[in-house]
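A short worksheet on the structure shown next.
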Amino acid sequence: MFEGVPLSWFLILSTIMFFIGVYGFLVRKNLITILMSTELILNSVCINFVAFNKILYPEHMEGMFFTVFIIAVAAAEASVAIAIIINIYRRIVNIDVEKMNEMKY
Amino acid sequence: MTSNQFMFLLFSAVIVIFSILTVTSRRILRAATFLLFVLASTAGLYFLLKYNFLAAIQLIVYAGGIVVLIIFSILLTSHIAEKLPSASLMKKWPAALVALVGAALAIVVILQYNFPGSVGSTELVDVTQVGNSLINYGKYGYALPFEVISILLLAAMIGAIVLAKKRKD
Amino acid sequence: MFDFSYTIWILLIPFFLFVLIGFWGNKFKPIVSGIVGCAGLLTSWILSLFTAYKYFFDVGKVDGVYEQIIGYHTLWLRFTDTLYIDLGVLIDPISVMMLIVVTTVSLMAHIYSTGYLKGQKGFMRFYSFLSLFTFAMLGLVVATNIFQMYIFWELVGVSSYLLIGFYYEKPSAVAAAKKAFIVTRFADLGFLIGILLLSYFTQTFDFLTLTSPTGPAIATPPAATFLGMSVLTWAMILIFMGGAGKSAMFPLHIWLPDAMEGPTPVSALIHAATMVVAGVYLVARLFPIYVTVPIALQVVAWVGAFSSLFAAVIACTQYDIKRVLAYSTMSQIGYMMCALGVSGLGGHEGLGYMASMFHLFTHAFFKALLFLCAGAIIHAVHSNYMYDMGGLRKYLPITHLTFLAACLAIAGIPPFAGFFSKDEILVAAYHHDTALFAIEYIVAGLTAFYMFRLYFGIFWGKKQDYHHPPHEAPLSMTIPLMFLALGAIFAGFIPFSHLVTSDRQILELETEWIIAIPSIVIALVGIGVAYVMYLKPTEIPKKIAHALRGFYTAAYHKFYIDELYLYITHRIIFNHISRPIAWFDRHIVDGSMNGISYVTNQASDKIKGFQSGQLQQYALVFVSGAILLALVFIYLWT
């Protein structure tokens, strides 16, 4: 409970957000939108960390720092992913994930 | 309903609605904009939880950095007016089913679990405290992860440059 | 105590030659590999001579008995404390004698081949195989235990196979090589079973332990019996089977005449002087055990005697000169076997043993000489057949004289070498069993007859019109001939009974003229008959052949033994045993394997669709799996 907001509310919110991200990851075709779905998933995890930290162990700061690091990792991941996407686009002038199936059997 | 509860519900509503729009919108630039709203609302949640420093980072790095990066790459790879083709139902239904079942399962588990009823501190986390922790290598110090993250960012930067660089051939 | 450990080099030099010439031979000119091979063999030969001198005249004899010395010994395979196989060099009278024989004849064959095979394809290959053979044969004779002997025994078989098949472009040579290998392998199966039986019941492979009078085989023979004979008898008969295969004893002799497809120096070295006497050597090596099992010894004697008669009869009818010599070899080895079979252990009883070894020694010289002469003749005439030859004595003077010396030696005319050894064998047989003596006596006459049939047919007889006048062989070929002729003439004067005897003590002998004179007489009779029939072309041979039609034809066709074997293998074994097995293998064994692979193939073809390359499909499966696992662990696995 944080000033009237129970922990479970945060968790439910992050769950919904997470599965929306999963849905987007599974459905979208464009690589950039898939990347955006990944950001949603990461963000929902961040909310979890922060809420746990604040409500269960308010005297510590692990959750917060973890979130900071997740954000840094997300930034790194996004930059590399976008570099890859641009590279792919240069090669096949398309970033449709369904067309990239050279690795099949 | 306290004001906090109200604010939380408001942010949650924004997050959920715009998340759904992000993954369903057929115009990619709009999807990016909706993502920006989601990330900004998340920052609002952090403010609500009195993590001002974190909220600031969220705004600067996520909303300011990553979303701009995404929009940049969208502009490089597609036309603004272009509408994405809608995914086939064969893809949508299983994905929706999996997402719903997963969400339902998680929510049921969360509601069944009895979390300890701690009140939580309403104190603002001081930036001085954050800074001390980040460069401290003793207990509750984060000097090492901080350095590791720095190196990771450096590596990612070099990697991105190398990958995106035009080949000479 | 004199240190004999250097003797290992007698073996190792040919081995290194084999490696050197075999792997790097084509880097040099062909003649270089010939010279290197000869030089290496020369070193080995000198070492062997030195060893013989040291052993026989310096340090070998202690209190009138030649000692058995382990010159070199190394642990090779130690499976357990009781089951182990060592390698080593055993120095005793017969092994030293064999060292001399093998290195001498091998050296002669090496030198001879530089001329005989000059300019031929595969010159280096020939030398490397020849070195391999020499190494294997030396390893065989110095073996300290029966397993080492078996290993080198097989190596000898392999190198013999390689050398018979030297002209591998000739189908008959390939067939002969295979035949030799398969027949001797079949015999070696018996050998191996014999070894296993013997060592199982005596708990040792070691020759010294096996043959010592207080050893487990002699002092406490195993009591087990099988089909009415003691297990030791069975073991010794089976071991003799291996020896009979290698030594071309009836009925395992069929490979030897065909082995003449190999180059002639090979025939001289392997199929006359050294490898084929390995069986005799084996029996001699295990002789103290053979003496304790009279049935096995009886088998040795009768197989030997029968083979010698059988081969001598066939030899009288053949026209291929190398085949005549091959059958003569078989006949002489039968002599040696017979001599071993009639021998006892020690004193005058052991005369047969000594005679056998003596004959082995002298035979090596004159038979190698005969083969090398045959090589020189074939070299000159370009034909193997007697009816293409005649009147060659003017063209090939050195070959003629050396061939004559060898013929006199094998016929047993004093003072040539064969007389002394053959005489001892006849004496031993006479004192043991009159029937065996009679057989050997007839064979002595037949030997003289067919050898001089050959001699007169080649060097006298009718004059042939040669397209190119035959010319004498080069010096590299005639020097070995002359050297071996010296051996064939003078080897008989070596006091063998003082050196190599069954109990390794001196055996005092006197020539028993009551045997010697009749044997000289029958040899002269044989020569005389050959003289009458073959000195000038006459009608007598045809008449005799006509009178003895059936017998002559049978002998000419080698008594149809080959046909019998072909019948048994092709008609009976191939049709009624191999074919059903092949069917079983092809349809049941292969079928089940093919079925498994077919099912695997079809199944993977079906499931490879899972690997679609579609990222989102993978992700969907992954997420559903994770959720399923979560469900299982939360609700089912509490």
Would you compute, from DSSP H runs of 4+ residues alone, the mean residue ellipticity of chain C at 222 nm, taking -39500 (n - 2.57) per run and dividing by the full residue count, rounded to the nearest 500?
-21000 deg cm²/dmol
So what is the accessible area of the stretch B:74-169 per residue, in Å², with the probe set to 1.4 Å?
73 Å²
Enumerate the calculated ³J(HN,Hα) couplings along the stretch C:364-372 in order (Karplus 6.51 cos²θ - 1.76 cosθ + 1.60, θ = phi - 60°), each rounded to whole Hz, writing x wherever the residue is Gly or Pro.
3, 5, 6, 6, 4, 4, 4, 5, 5
Run the Debye formula on the Cα coordinates of the stretch C:6-95, all scatterers equal and no solvent, and tell me log10 I(q)/I(0) at q = 0.13 1/Å.
-0.62
Taking the stretch C:319-377, the whole-percent share of alpha-carbon pairs separated by over 20 angstrom is 35 percent
Taking every residue in C:600-611, how many Cβ atoms of other protein chains lie within 10 Å of its Cβ, on average?
1
Note to self, chain A gives a 222 nm [θ] from helices alone (DSSP H runs n ≥ 4, -39500 (n - 2.57) apiece, / all residues, nearest 500) of -26500 deg cm²/dmol
Per residue of B:12-20, other chain Cβ atoms within 10 Å number on average 5
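For chain B, what does the relative contact order come out to in percent, with C-alpha contacts under 8 Å and a separation of six or more?
17 percent
If you take the alpha carbon radius of gyration of the stretch B:126-169 and divide it by 2.2 N^0.38 Å, what ratio comes out, to two decimals?
After normalising by residue count via 2.2 N^0.38 Å, the value is 1.76.
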Considering every pair of different Cα atoms, what Kirkwood radius, in Å, is found for the stretch A:7-99?
14.5 Å
For C:Lys462, list the aspartates and glutamates whose Cα falls under 13 Å from its own Cα; do not include residues on the same chain fewer than 8 positions away.
C:Asp388, C:Glu539
According to the Kirkwood expression over distinct Cα-Cα pairs, how big is the hydrodynamic radius of the stretch C:125-227, in Å?
15.5 Å
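What fraction, in whole percent, of alpha-carbon pairs in the protein assembly as shown exceed 54 Å separation?
The share of Cα pairs beyond 54 Å in the protein assembly as shown comes to 47 percent.
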Chain pair C, A: total accessible area buried, heavy atoms, 1.4 Å probe, Å²:
1000 Å²
Cα-based reach from C:Lys27 at 21 Å (exclusive), listing lysines while leaving out same-chain residues under 8 positions away:
C:Lys118, C:Lys121
Note the direction-averaged projected area, equal to a quarter of the hull surface, for the Cα convex hull of chain C, in nm².
41.3 nm²
How do the peptides B:87-99, C:128-140, A:78-90 rank, highest first, by the average count of neighbouring beta carbon atoms within 10 Å per residue?
C:128-140, A:78-90, B:87-99
Using only the alpha-carbon atoms of the stretch C:470-530, report the extent along each of the three principal axes, biggest first, to the nearest angstrom.
48, 35, 15
If eta is 0.890 mPa s and T is 25 °C, what Stokes-Einstein diffusion coefficient results for the stretch C:380-498, Kirkwood Rh from Cα pairs, in µm²/s?
154 µm²/s
Roughly how large, in nm² to one decimal, is the mean projection of the convex hull of the alpha-carbon atoms in the stretch B:1-108?
8.6 nm²
Using a 10 Å cut-off on Cβ atoms, rank the peptides C:35-48, C:524-537 from the highest mean neighbour count down.
C:35-48, C:524-537
Let me check the size of the stretch C:511-638 from its C-alpha atoms; what are the radius of gyration and Dmax in Å?
41.2, 113
Peptide B:105-112 - average C-beta neighbours from other chains (10 Å radius):
5
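The values are calculated or read from the model by the stated rules, or taken from the named source; none is laboratory data. Since the model is a prediction, treat every value here as computed from it, not as a measurement. Virtual Cβ from ideal backbone geometry, glycine too; neighbours counted across all protein chains shown. Note: accessible area is taken over every heavy atom of the protein model, side chains too, but ligands, DNA and RNA are not part of it. Shrake-Rupley method; radii C 1.70, N 1.55, O 1.52, S 1.80 Å.
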